[in-house]
Amino acid sequence: MPIIYYENNKIFHLYNEQMSYVMQIVKDNYLAHLYYGKRIDLIEGEFELELRERVAFSPTPDISDLTFSLDHLPQEYPGFGTSDFRTPAFEITDNGGDFVADFRVVDYKIFSGKTPLTGLPGVIGANEELTSLEIVMEDALTKVQVVLSYTIFNHLSVLSRSTKFVNNGINPITLRKVASFSFDLPTSDFDFIHLYGGWGKERHIERTKLINGIQAVESKRGVSSHQHNPFIALAAPDCTEDSGHVYGASLVYSGSFKGLVEVDQFETARVMMGINDFQFSWKLTPGATFQSPECILVFSDQGLGKMSRTYHDLYRNHLVKSTFKDKERPVLINNWEATYFDFTSEKLVEIAKAGKKLGMEQFVLDDGWFGKRDNDDSSLGDWFVDERKIPEGMKALSEEITNLGIGFGLWVEPEMVSPNSELYQKHPDWCVHIQNRPRTEARQQLVLDLSRTEVQDYIIGFMDKLLSENKINYVKWDMNRPLTEMGSACLASEQKGELQHRYVLGLYRVLDTITKKHPHVLFESCSGGGGRFDPGMFQYMPQAWTSDDSDAVERLKIQYGTSLVYPLIFMGAHVSDVPNHQVFRSPLMKMRGDVAYFGNLGYEIDLTAIDDETALAIEQQVTYYKEIRHILHHGDFYRIVNPFTTDACAWMMVSKNQNKAVLGYYQPLVKPNAQIVKMMCKGLEPKATYLVKETNKQYKGSYLMEVGLVIPTIKGDYNSYIFTLKQV
Ligand code: DGJ
C-alpha cells in the first residue's frame with residue numbers, strides 16, 4: 001500500500017514513484033507536516049523534525065516544555081488561539097461564542113479506494129488505483145471532530161484532500177471557516193502563480209515572488225468567477241516549463257473560494273485553499289457533519305509542463321462522469337454571433353444545412369428561443385418555445401435539424417429568472433434576495449435561490465421535460481451573473497452565512513440528477529464564457545465555453561493560461577466572424593482556425609452569408625480537424641512559446657504513443673528583418689523519424705527537439721503555422 005504508518009515514531013508516509021508526503025503525530029498528539037515533494041525513502045520511518053529553540057513571544061501550551069509552541073510547528077490542519085498566530089485552516093465558535101478549538105489526533109484509518117464526498121464533486125478511480133488515509137482529530141472540550149482525508153493515486157503525482165467536521169458533542173457549534181487542506185512548507189523561496197482575469201480575458205497567468213505576509217486569490221461572487229480561477233501554485237524560482245519543482249492546488253468547487261499563502265516571521269510558507277470564509281458560517285447541530293470540497297494537489301519536479309499534464313490526465317480520466325468522457329467532441333455551429341436574438345426557424349435550418357454541408361456535426365441554438373425574448377430584458381424562467389420565431393415548435397424543429405444528419409443542441413440558463421417573466425410573477429420570492437432590500441439586477445436578471453429544494457425540483461422538472469420531449473443531444477448551460485444580496489427567504493437568521501454554499505450544493509444536486517437522467521446528452525457549461533470554468537462543473541459537464549472572447553489573438557493567452565490546469569478537450573474554441581465582435585480585430589481565417597483547433601472546434605458565423613472562398617476554407621479546416629482531433633483530445637500538451645512574455649505563442653500536442661503530433665505557431669504582428677525562428681519541439685521520441693506533412697520533410701525526434709523546426713518567414717499580421725508530424 002502506498003501509505004505506511006510507522007508505529008515507532010508515529011509517522012505517516014504517503015508515496016508513489018513520483019512523490020512523498022510525510023506527517024507525524026508529535027507531542028500531545030498534534031499533527032505536524034514534515035515533508036511534501038519528490039519521492040523519498042525512510043529508514044524505519046526515521047525523519048528529523050527540527051524544532052526551534054525557545055522563541056520569544058511564541059507562547060507554549062505546555063508549561064513543562066518551554067520550547068514547544070504551535071507558532072513554529074509545521075502543521076497539517078492548524079487552528080487558532082492556542083499559540084499559533086498564523087492563518088488558521090478553520091474557525092469555529094462553540095455554544096458560548098468562544099473561538100478556541102484545540103484538535104488532537106485520536107484515530108486514523110488506511111484503506112484502498114476513496115470515500116465519496118456526499119453532495120460534492122470529487123475525483124474518482126477504481127479501488128486498486130487509489131489509497132486513502134483518514135486522520136481523525138478531536139477537540140476534547142466540545143467533542144467536535146475533524147476528519148482529514150488524503151487520497152493518493154498509485155501512478156500519478158496527485159494527492160486529493162478534503163476535511164469533514166462532525167459534531168459529536170451535545171451543543172451546536174458554528175463553523176466560520178473550513179479550508180479543504182493546509183500544509184506548512186519549510187521555506188518561502190517560491191513564486192506564487194495564479195490565473196486571474198475578467199470577462200473576455202479569463203485565466204491569464206500571473207507569477208510573482210512570494211513576499212512576507214499574506215497573498216491570496218479569491219472569489220466572493222457565489223461562483224468560481226472570471227476574475228480568479230480556483231487554482232494556485234508555488235514554483236521554485238528556477239522552475240520553468242520543463243524543469244524545477246512546483247506544487248499546484250486546484251479546488252473542485254464552483255462557488256466562492258479562497259486560496260492563500262502566508263509567509264511568516266520564520267520565512268516558512270503556509271498554503272491553504274477552500275470555500276471562501278468571507279461571510280461564511282455554518283451551524284452544525286449535534287450529530288451533524290459538514291463536508292468541505294476537495295482540493296487536488298499535484299507535485300511536479302519537471303516544471304509547469306509536467307504539472308499541467310498531470311492535471312490533464314487526472315481530470316480527463318478521473319473527474320468527468322459523463323458518458324462523453326473519452327469521446328471525441330463534435331465540430332459545432334452555434335447561431336449566437338450569427339443572429340443573436342433575431343432569427344426564424346427557417347434561418348436556423350439554413351444555418352444547420354450549411355454547417356452540415358461543410359462537415360459540421362452539431363448545431364446549437366443559442367439564446368432567444370423561449371418566452372418573448374427579443375433581447376436580454378425578459379423571459380428567463382419561461383422555458384416554453386417562442387412561437388413567433390419557431391411556429392412549428394421545438395419538437396418539430398429539433399427533429400427537422402436532426403434529420404439533416406447534424407445533432408440539435410439547445411442553450412438554457414436554468415439558474416436565472418427575469419423580473420419580466422411569468423415565472424417571476426408567480427414566484428417573486430424564488431430569487432436570491434434579502435427581504436425589504438432592493439434586488440440588484442445584472443443583465444436585467446436575478447438568480448434563482450438554488451438553496452431551496454422546490455427551486456431545484458422546478459429546474460430538474462423543466463429540463464427533464466425539454467430533454468424528454470424534444471430531439472436534443474447537446475445542452476449549453478449558461479449562467480450570466482454573479483450573486484448579490486446573498487439571502488434566502490428560507491434560511492433562519494443564524495443560517496444566513498450558509499446561502500452561498502447551499503446554492504452550490506443545490507446546483508450540484510440539479511446537475512447530478514439531470515445529467516444522470518439524460519446520459520446521451522453532451523452538456524457544455526458556460527458562464528458568460530469562462531466565469532465558472534472549474535473542476536466542480538467538469539464532473540457533470542465534460543466541456544465548457546472557454547471565453548466569450550473569440551478573437552484569435554486574445555484566445556492565445558486565454559487558452560495558454562487555461563491549459564495550466566485544464567485539458568484541451570474541456571475548452572470550447574470557436575472560429576468567429578471578423579471584425580471580431582468583442583475586440584473588433586480581424587485575424588486571418590487561417591489564424592482563427594489554427595487557434596481554435598487547440599480546443600473543441602466550433603463556428604459562430606452566419607454560414608448562409610459567407611462567400612465561396614470562406615466556405616472552402618471552413619470546409620478544409622473541419623476536414624483537417626477531424627483528422628487530428630484524436631491527438632488534440634487525448635494527447636500530451638506542451639507549451640513552447642509563452643504569449644505572456646513574448647510577442648508570439650507556440651504549443652504542441654503529442655499523441656500518448658508519440659506517433660503523431662500537431663504544433664501551432666502564432667505571430668500576431670509581423671516584424672521586419674526578424675530573427676529566424678526555430679521551434680524546439682517537445683515530447684517526441686528522440687530516435688524516431690517524423691514526417692512533417694506541410695513541408696514533406698523528415699527529421700529525427702532528437703533533431704526536432706534540439707535543433708528545432710524552422711518556421712518560414714511570416715508575411716503579414718495575424719498569421720500562424722500548423723505542422724502535423726507523423727512517425728514513419
Ligand atoms: C453568454 C455566453 O457566453 C454566450 O456564448 C451566449 O450564449 C450568451 N450568453 C447568450 O445570452
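Here are the numbers:
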item	result
Considering residues of the range 338-349 that are touching a residue at least 40 places away in the same chain (Cβ under 8 Å) and in a loop (DSSP other than H, G, I, E, B) only, the residue least open to solvent (accessible area, probe 1.4 Å)	Phe343
All positions within the range 396-413 that are out of contact with any strand residue (DSSP E or B) (no Cβ under 7 Å at 6 or more places or on another chain) and farther than 20 Å from Phe370 by Cα	Asn403, Leu404, Gly405
Among residues of the range 577-606, those that are within 16 Å of the ligand (Cβ to nearest atom) and buried (at least 23 other Cβ atoms within 10 Å of the Cβ), counted	7
Scope the range 446-471; condition among the β-branched types (Val, Ile, Thr) and either assigned to a helix (DSSP H, G or I) or more than 16 Å from the ligand (Cβ to nearest atom) (or both); matching residues	Thr453, Val455, Ile459, Ile460
Filter result (touching a Phe, Trp or Tyr at 6+ places or on another chain (Cβ under 8 Å) and more than 18 Å from Met273 (Cα to Cα)) within the range 208-225	Thr208, Lys209
Residue, farthest from Val521 (Cα to Cα), within the range 431-450, restricted to residues that are surrounded by fewer than 21 Cβ atoms within 10 Å (Cβ to Cβ) and under 32 Å from the mean Cα position of the chain (by Cα)	Ile434
Any hit, the range 670-692, residues being loosely packed, with under 15 Cβ neighbours inside 10 Å, touching a residue at least 40 places away in the same chain (Cβ under 8 Å), touching a helix residue (DSSP H, G or I) at 6+ places or on another chain (Cβ under 8 Å) and closer than 19 Å to Pro587 by Cβ	no
Residue count, the range 370-398 (criterion: of a type in the set (Asp, Glu) and open to solvent by 70 Å² or more (accessible area, probe 1.4 Å))	3
Extreme residue, farthest from the chain's Cα centre (by Cα), among residues of the range 373-430 that are of a type in the set (Gly, Ala, Ser) and within 16 Å of the ligand (Cβ to nearest atom)	Ser421
Sole exception among (1) among the hydrophobic types (A, V, I, L, M, F, W, C); (2) part of a loop (DSSP other than H, G, I, E, B); (3) within 24 Å of the chain's Cα centre (by Cα) for Val553, by number	(2)
Tally, over the range 473-488, of residues that are over 20 Å from Trp430 (Cα atoms) and away from the ligand (no atom under 16 Å from the Cβ)	1
One residue from Ser254, Ser281 being in contact with a Leu (Cβ under 8 Å, 6 or more places away or on another chain), at pLDDT 95 or above, surrounded by fewer than 21 Cβ atoms within 10 Å (Cβ to Cβ) and within 16 Å of Gln500 (Cα to Cα)	Ser281
Any pair with Cβ under 6 angstrom, 6 or more apart, that starts in the range 350-369 at a residue that is more than 16 Å from the ligand (Cβ to nearest atom) and open to solvent by less than 10 Å² (accessible area, probe 1.4 Å) and ends at one that is modelled with pLDDT of 95 or more and in a helix (DSSP H, G or I)	Ala352/Ile401; Gly355/Leu607
Single residue of the range 488-513 satisfying the filter (over 21 Å from the mean Cα position of the chain (by Cα) and under 15 Å from Ser256 (Cβ atoms)) that is surrounded by the most Cβ atoms within 10 Å (Cβ to Cβ)	Leu499
Matching entry among Asn420, Asn436 (being in a loop (DSSP other than H, G, I, E, B) and free of Cβ contacts under 8 Å to residues at least 40 places away in the same chain)	Asn436
Given (1) on the phi < 0 side of the Ramachandran plot; (2) outside any helix (DSSP H, G or I); (3) open to solvent by 60 Å² or more (accessible area, probe 1.4 Å), index of the condition Pro482 fails	(3)
Which numbered condition Leu410 misses (of (1) aliphatic (A, V, I, L, M); (2) without any contact (Cβ under 8 Å) to a residue 12 or more places away in the chain; (3) part of a strand (DSSP E or B))	(2)
The range 16-29, residues that are open to solvent by 10 Å² or more (accessible area, probe 1.4 Å) and over 27 Å from the mean Cα position of the chain (by Cα)	Gln24, Ile25, Val26, Lys27, Asp28, Asn29
All strands (runs of 3 or more DSSP E) inside the range 230-337 with 1 or more residues being over 26 Å from Pro482 (Cβ atoms) and among the acidic types (Asp, Glu)	257-263
Test set (1) open to solvent by 10 Å² or more (accessible area, probe 1.4 Å); (2) under 24 Å from Cys295 (Cα atoms); (3) within 16 Å of the ligand (Cβ to nearest atom) - Cys526 fails condition number	(1)
Number of the exception - Arg388 against (1) under 25 Å from Leu507 (Cβ atoms); (2) out of contact with any Phe, Trp or Tyr (no Cβ under 8 Å at 6 or more places or on another chain)	(1)
Criterion violated by Val217 - all others in (1) in contact with a helix residue (DSSP H, G or I) (Cβ under 8 Å, 6 or more places away or on another chain); (2) more than 28 Å from Ile25 (Cβ to Cβ); (3) open to solvent by less than 20 Å² (accessible area, probe 1.4 Å) satisfied	(1)
Residue pairs meeting the criteria (Cβ under 8 Å; at least 6 apart or on separate chains; first buried (at least 24 other Cβ atoms within 10 Å of the Cβ) and β-branched (Val, Ile, Thr), in the range 533-559; second part of a strand (DSSP E or B) and modelled with pLDDT of 95 or more)	Thr546/Gly530; Thr546/Met571; Thr546/Gly572; Thr546/Ala573; Ile558/His204; Ile558/Gly530
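Here is a yes/no grid of residues against (1) out of contact with any Gly (no Cβ under 7 Å at 6 or more places or on another chain); (2) among the β-branched types (Val, Ile, Thr):
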| residue | (1), (2) |
| --- | --- |
| Met394 | yes, no |
| Leu397 | yes, no |
| Asn420 | yes, no |
| Leu423 | no, no |
| Trp430 | yes, no |
| Asn436 | yes, no |
| Arg439 | yes, no |
| Arg443 | yes, no |
| Val447 | yes, yes |
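Rundown of residues vs (1) farther than 21 Å from Leu14 by Cβ; (2) open to solvent by 60 Å² or more (accessible area, probe 1.4 Å), yes/no style:
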| position | (1), (2) |
| --- | --- |
| Phe57 | yes, yes |
| Leu66 | yes, yes |
| Tyr77 | no, no |
| Asp84 | yes, no |
| Pro88 | yes, no |
| Gly119 | yes, no |
| Asn127 | no, yes |
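Conditions (1) within 26 Å of Glu206 (Cα to Cα); (2) assigned to a strand (DSSP E or B); (3) open to solvent by less than 10 Å² (accessible area, probe 1.4 Å), marked per residue:
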residue: Thr608; (1), (2), (3): no, no, no
residue: Ala615; (1), (2), (3): no, no, no
residue: Tyr625; (1), (2), (3): no, no, yes
residue: Arg629; (1), (2), (3): no, no, no
residue: Phe644; (1), (2), (3): yes, no, no
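The values are calculated or read from the model by the stated rules, or taken from the named source; none is laboratory data. This structure is a prediction, so every number in the text was calculated from the model and none was measured. Here Cβ is always computed from backbone atoms with ideal geometry, including for glycine, and neighbour counts include all displayed protein chains. The area values use the complete protein model at the heavy-atom level, side chains included, leaving out ligands, DNA and RNA. Shrake-Rupley method; radii C 1.70, N 1.55, O 1.52, S 1.80 Å.
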